[in-house]
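Where a number appears in this text, it was derived from the coordinates with a stated rule and is not lab data. Computed from a predicted structure; not experimentally measured. Methodologically, a virtual Cβ is constructed for each residue, glycine included, from the backbone with ideal geometry; neighbour enumeration extends over all protein chains shown.
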Amino acid sequence: MIYLLLSILSSTTIAIIFKLMDNKNVALLPVIVLNYFSALTAGLLLFDGELSLSYILNSPWIYISFVIGSLLIIGFYLIGYTTQKAGIAVATIANKMSVIIPILFSILYFSEESSILKTLGIILAVVSVVLAVLKKNESGEQKKFSLLPLLMFLVIGVIDSAVKLAQHSYVSDGDVSLFTSFSFGLAGIIGIIILSFNPKEWKSFGNPLVWIFGVLIGLANFGSMYFLILALNHSGFDSSIVYGLNNMGIIMASIAIAMMFFREKLSRVNIIGVVLALVSVAILTLLV
């Protein structure tokens with residue numbers, strides 16, 4: 001259970017740091033780039049196999065890793081920007097509910113079995129995201145920010161689907177850590193290429209907070225995945241239960257922190273969205 005709690009804490013920490021960055025006016029993209037190199041370093045330090053460039057370049061997962069690395073930098077930027085502009089609670093719900101996209105992908109591509117409960121869970125997940133992002137009397141700018149969670153929902157869902165395809169068809173059990181670290185490293189390199197087109201962003205590296213937040217988010221980013229894997233291996237629960245408890249824990253912890261420490265407010269419609277999100281997670285991971 002301790003690994004599950006550490007995974008929930010790691011994921012929640014990411015959202016908190018993004019919000020603190022907004023309060024401190026810290027540039028987002030440089031921190032995200034550093035985050036991936038921090039996560040890469042953590043992964044390589046924990047990798048107990050023999051590293052070989054030729055092995056990596058000849059691995060069957062090399063090409064899909066490039067695709068995932070490109071999507072990761074976009075997806076994580078959307079998570080950070082959405083957290084800052086739409087709030088921790090809304091961003092977390094949109095992030096966690098994106099799980100329905102790989103579920104749909106698995107049903108359509110891998111011909112996994114569907115059911116009435118699974119269909120109900122998917123419908124509730126979509127409705128929960130829509131309700132969670134609705135705001136009353138929106139101005140033009142608020143409407144723009146309300147679209148961010150929906151865009152993030154789609155991009156993160158595509159990333160998770162690509163990861164599922166990679167792990168199902170290309171990545172062996174022994175290569176999971178290496179594949180993950182390599183994808184993180186590619187995301188960081190792509191981020192540097194993006195930064196090269198905006199020289200003003202490089203000045204942000206002179207801010208010590210950029211380095212501090214970059215390292216901390218990277219460790220939390222890696223930890224959320226690393227501790228989740230340990231929870232799956234050592235909790236004694238079925239994987240579906242671990243995923244369900246993990247997602248519900250992250251949603252509940254993020255909302256509590258958002259309301260207590262960042263004064264985020266949820267309308268009745270938003271609260272209904274939160275409840276439907278939790279019900280959807282329960283159906284998709286605990287009941288199906």
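Can you give me the three principal axis dimensions of segment 1-154 from its C-alpha atoms, in Å, biggest first?
Between the extreme Cα coordinates on each principal axis of segment 1-154 lie 57, 47, 34 Å.
Using the Cα gyration tensor of segment 131-288, with a ≥ b ≥ c the square roots of its eigenvalues, what is the shape: rounded (a/c below 1.5), prolate (a/b larger than b/c) or oblate (neither)?
Note, shape of segment 131-288 comes out oblate.
Could you give the size of the charge dipole of segment 42-152 about its Cα centre, using +1 on the Cβ of each K and R and -1 on the Cβ of each D and E, expressed in debye and rounded to the nearest 20? All intermediate terms of the calculation are to be shown ahead of the outcome.
Details: 7 positive and 6 negative charges, 131 e Å.
With Lys and Arg at +1 and Asp and Glu at -1, about 620 debye.
Mind listing which GluC sites (Glu not before Pro) in segment 42-141 are in a DSSP loop and have 12 or fewer other Cβ atoms within 10 Å?
Within segment 42-141, the qualifying GluC sites (Glu not before Pro) (loop, at most 12 other Cβ atoms within 10 Å) are E50, E112, E113, E138.
Sort the following peptides by mean Cβ neighbour count (other Cβ atoms within 10 Å, averaged over residues), highest first: 163-175, 70-82, 199-211.
The packing order, highest mean first, is 70-82, 163-175, 199-211.
Please report the net charge: other residues with Cβ closer than 10 Å to the Cβ of A91, K and R +1, D and E -1.
Taking every other residue near A91 into account, the sum is +3.
Which residue fluctuates most in the GNM of the chain (Cα springs below 10 Å): V26, V99, V274?
Greatest mean-square fluctuation among the candidates belongs to V26.
Among the aspartates and glutamates, which have Cα under 19 Å from the Cα of K265 when same-chain residues fewer than 8 positions away are ignored?
Hits, sequence-local ones excluded: D22, E138, E141.
Could you tell me what a quarter of the Cα convex hull surface of the chain works out to, in nm² with one decimal place? Let's see the in-between values first.
Details: hull surface 62.4 nm².
With the hull built on Cα positions only, its mean projection is 15.6 nm².
Less than 11 Å Cβ to Cβ from T285, Lys/Arg counted +1 and Asp/Glu -1: what total charge do the surrounding residues give?
Taking every Cβ under 11 Å from that of T285, the sum is +1.
Which of the trypsin sites (Lys or Arg not before Pro) found in segment 1-86 are in a DSSP loop and have at most 11 neighbouring Cβ atoms, other than their own, within 10 Å?
Here the trypsin sites (Lys or Arg not before Pro) that fit, given the DSSP loop and packing criteria, are K24.
By a straight-distance test (C-alpha under 12 Å), which aspartates and glutamates pair with K19 as possible cross-link partners, with residues fewer than eight away in the same chain excluded?
Correct list for K19: E264.
Given S280, S52, T41, which one lies farthest toward the positive end of the charge dipole of the chain, if we put +1 on the Cβ of every Lys and Arg and -1 on the Cβ of every Asp and Glu?
S280
Under a Cβ-only charge scheme (Lys and Arg +1, Asp and Glu -1), can you give me the dipole magnitude of the chain about the Cα centre, in debye to the nearest 20?
Values: 15 positive and 13 negative charges, 254 e Å.
Roughly 1220 debye for the chain.
How high is the relative contact order of the chain, in percent, counting Cα pairs under 8 Å that sit 6 or more residues apart?
Once divided by the residue count of the chain, the mean separation gives 43 percent.
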